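Worksheet: the structure to be examined is printed underneath.
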Amino acid sequence: MINSLSEFKHAAKQAIENPESFWNDIANEFQWISPWKQTLAFDFSTPEIKWFVGGKLNITENCLDRHLATQPNKTAILFEPNDPTEEAQHITYKELHSRVCQTANMLKANGAKKGDRICIYMPMVPELAIAVLACARIGAIHSVVFAGFSATALAARINDASCTMLLTADGGFRGAKTIGLKDIADEALQSCTTVESCIVFQRTNKQVNWNPIDRWWHEEIEKVDDHCPAEVMDSEDPLFILYTSGSTGKPKGMVHSCGGYMVYTAYTFQNVFQYQSNDVYWCTADIGWITGHSYIVYGPLANGATTVMFEGVPSYPDFDRFWEVCAKHKITHFYTAPTAIRALQKHPTALIDKHDLSSLKVLGSVGEPINAEAWHWYDAHVGKHNCPIVDTWWQTETGGILITSLAGVTPQKPTFATLPMPGIQAVLLNNEGDEIEGEGEGILAIKHPWPSIARTIWGDHERYKNVYFSAYPGYYFPGDGALRDAEGNFRITGRVDDVVIVSGHNLGTAPIENAINQHAEVVESAVVGFPHDIKGNALCAYVIVKDISIDKTLIEKEIREEVAKTIGPIAKPDRILVVSGLPKTRSGKIMRRILRKLAAGDDNNLGDISTLLNPEVVDEIRRQNS
Ligand code: WT7
């Protein structure tokens, strides 16, 4: 573990001078079934990236078996249910190992084998983490789909990866609501042909429909024992697929490998959070997102940590739930999203002060830029000016944290993610693709591979190449802009592509437009992001309809329903403007830059609009806005 600023500087220097020996030393701390023959093989032009080539391992041996000798009775997963009156569960490493092995056998007994894709559509219960690890145990590739996604979105993801099995639940609790996951899954499966078996975990005990391929989890698990040797995996075998949105309608199934992903998530977990052996670490994300994969499940367990899984929401039963849970479980590390911080900031600080937060040592932020106000509120009211805040910049594609401070070890700076991790060669590029030296602002890019970079897009390597490696040859291009101060600290300024981060969720505007266009009355639409107090960004949809005299309230409602049905409620636009046209260039391209400015209310600053095909629509939109 990096313990001081000088150790950090030393590691960063070593990692640049000799990346292979740097990562070799780190990878050697893990349990490998057989060693690798080559540390790194890469070519960004194809692109091909391989780490620890020829090495054999199973990540679950590193997350579970390895800890049995040293700390079998330590809590691995601490589960806090949605309902505060339901008892929390403390699952020890020994018990987790046993349950993962038994679940792995249940998957095998139902036909799963190495290399199969298994879709997991479950609420935040321990069985979700167990399912993920059980897949890894047998070498099946898990594809977790966030339980807030719609049937259409779920079906698209199942079909894209030709999943043969679905793990779901009768339902899930979220605050005062119950989500009928099985019903949604049933609807999805009507348009899926590859799924041969569906195992249903019982959580809500609500009545569900039953199909010939359905089996109850609690019945199937009784039929198998808990002895399950770990499948021998190649370092480069896929560990999982996780979908993220892109600038076309189709989600991108990012593929992560076994070896490199394990090494990098474990390394970053330890160093960024400075986890000590009796700490209780809580990341509030959902396992349906990469944050949950890397920093609820794999990173913490690889380090033998106690990781908290929270089923509920910050507002239930009241807006002090986070603080109540922190006090109840004596949380030491609290890692959440700026959108949650901003939402909680609106409530009286008395809600915090009624709980004893003195156990907290480290705070974290992830998912979008954290604004100064939220940062200072977090620091003062949650951290009591006594906890370092790590602002961690990374992506589904990067697998682990790339730019951050190390808690209490490297300097923090409000609104700055600060410095790249050792081994991460972050640069700023200008529009021509030349590197900017020193202070400046530009496009963020990464020069050299790190172990947990996604290896491909499932079924579409060409798209992987085009999206991430073609705009600036020789670099990985994440799609974010950044600025850098004189000390080398990075501040992420936001997306430079057609992705909008809403409440920390990565949403492509194209799939939302596709959903809106499905409405029979809609001719064309354009969706852009605009700044929002709590969500960071919100969505504004400009919609052209066939008949301008249509009932606007009704169509707005129908459009929101269409989007919720096709993608999920998180993608519903905040504002919908029915317009007679969209500003277009003479070649017919929608001028999104203008739409973004109009949505932001920044309409004195539109630049030259005289070259537009239809400048008059700009005034029309202005009038609607005011
Ligand atoms: C995009 C990736 C990182 C896991 C959760 C989101 C934005 C993420 C930060 C941060 C500023 C951030 C970027 C990035 N983002 N963390 N600390 N500061 N922006 O993963 O859904 O793949 O989204 O989230 O724009 O590209 P994701």
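For region 413-426, which positions are of a type outside the set (Gly, Ala, Ser), more than 12 Å from the ligand (Cβ to nearest atom) and surrounded by 20 or more Cβ atoms within 10 Å (Cβ to Cβ)?
Those that are of a type outside the set (Gly, Ala, Ser), more than 12 Å from the ligand (Cβ to nearest atom) and surrounded by 20 or more Cβ atoms within 10 Å (Cβ to Cβ): Leu419, Pro420, Met421, Pro422, Ile424.
Which helices (runs of 4 or more DSSP H) sit wholly inside region 278-351 and have at least 3 residues that are at pLDDT 95 or above, away from the ligand (no atom under 16 Å from the Cβ) and over 18 Å from Ala176 (Cβ atoms)?
321-328
Scan region 470-516 for residues that are at pLDDT 95 or above, within 11 Å of the ligand (Cβ to nearest atom), open to solvent by 30 Å² or more (accessible area, probe 1.4 Å) and part of a loop (DSSP other than H, G, I, E, B) and jot them down.
Within region 470-516, just Phe477 meets the criteria.
So Ala104 passes all but one of these: (1) under 29 Å from Lys572 (Cβ atoms); (2) crowded, with 24+ Cβ neighbours inside 10 Å. Which condition number does it fail?
Of (1) under 29 Å from Lys572 (Cβ atoms); (2) crowded, with 24+ Cβ neighbours inside 10 Å, only one is false for Ala104: (1).
Yes or no, residue by residue, for (1) touching a residue at least 12 places away in the same chain (Cβ under 8 Å); (2) surrounded by 21 or more Cβ atoms within 10 Å (Cβ to Cβ); (3) closer than 19 Å to Thr339 by Cβ; (4) away from the ligand (no atom under 13 Å from the Cβ):
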site	(1), (2), (3), (4)
Gly367	yes, yes, yes, no
Asn371	yes, no, yes, no
Asp379	yes, no, yes, yes
Gly383	yes, no, yes, yes
Thr392	yes, yes, yes, no
Gly399	yes, yes, no, no
Ser405	yes, yes, no, no
Val409	yes, no, no, yes
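If I filter region 335-342 for residues that are buried (at least 21 other Cβ atoms within 10 Å of the Cβ), within 30 Å of Lys94 (Cβ to Cβ) and touching a strand residue (DSSP E or B) at 6+ places or on another chain (Cβ under 9 Å), do I get at least one hit?
Yes - at least one qualifying residue is present in region 335-342.
Looking only at region 542-575, which residues are among the small types (Gly, Ala, Ser) and free of Cβ contacts under 8 Å to residues at least 40 places away in the same chain?
The one that is among the small types (Gly, Ala, Ser) and free of Cβ contacts under 8 Å to residues at least 40 places away in the same chain: Ser549.
Show me the strands (runs of 3 or more DSSP E) found entirely inside region 149-207 where at least 2 residues are closer than 24 Å to Gly139 by Cβ. If you could, list the steps in order and put the result at the bottom.
Values: elements: 165-169, 172-174, 177-179, 197-201.
Strands (runs of 3 or more DSSP E) meeting the threshold: 165-169, 197-201.
Out of all the residues in region 433-455, is one or more polar (S, T, N, Q), open to solvent by 30 Å² or more (accessible area, probe 1.4 Å) and either within 26 Å of Thr248 (Cα to Cα) or not in a strand (DSSP E or B) (or both)?
no
Within region 55-69, track down each residue that is of a type outside the set (S, T, N, Q) and open to solvent by less than 20 Å² (accessible area, probe 1.4 Å).
In the first step, residues of region 55-69 are kept if they are of a type outside the set (S, T, N, Q); the result is 55-57, 59, 61, 63-69.
Within region 55-69, Gly55, Leu57, Ile59, Cys63, Leu64, His67 meet the criteria.
Residue pairs, Cβ under 6 Å, 6 or more apart or interchain, first in region 224-246 and part of a loop (DSSP other than H, G, I, E, B), second within 16 Å of the ligand (Cβ to nearest atom) and open to solvent by less than 40 Å² (accessible area, probe 1.4 Å). List them.
These pairs meet every condition: Ser245/Pro251; Ser245/Leu507; Ser245/Gly508; Gly246/Lys252; Gly246/Gly508.
Here's a check for you: in region 220-251, which residue that is within 16 Å of the ligand (Cβ to nearest atom) and modelled with pLDDT of 95 or more is most open to solvent (accessible area, probe 1.4 Å)?
Among residues in region 220-251 that are within 16 Å of the ligand (Cβ to nearest atom) and modelled with pLDDT of 95 or more, the one most open to solvent (accessible area, probe 1.4 Å) is Tyr243.
Return a yes/no flag: does region 578-586 have any residue that is closer than 20 Å to Ala153 by Cβ and charged (D, E, K, R). Outline the logic, then answer.
Within region 578-586, the first condition is being closer than 20 Å to Ala153 by Cβ, and the residues that meet it are none.
Among the residues of region 578-586, not one is closer than 20 Å to Ala153 by Cβ and charged (D, E, K, R), which makes the answer no.
The values are calculated or read from the model by the stated rules, or taken from the named source; none is laboratory data. Keep in mind it's a predicted model, so treat the numbers as computed, not measured. We place every Cβ from the backbone using ideal geometry, glycine too, and count neighbours over all the protein chains shown. SASA here: full protein model, heavy atoms, side chains in, ligands and nucleic acids out. Shrake-Rupley method; radii C 1.70, N 1.55, O 1.52, S 1.80 Å.
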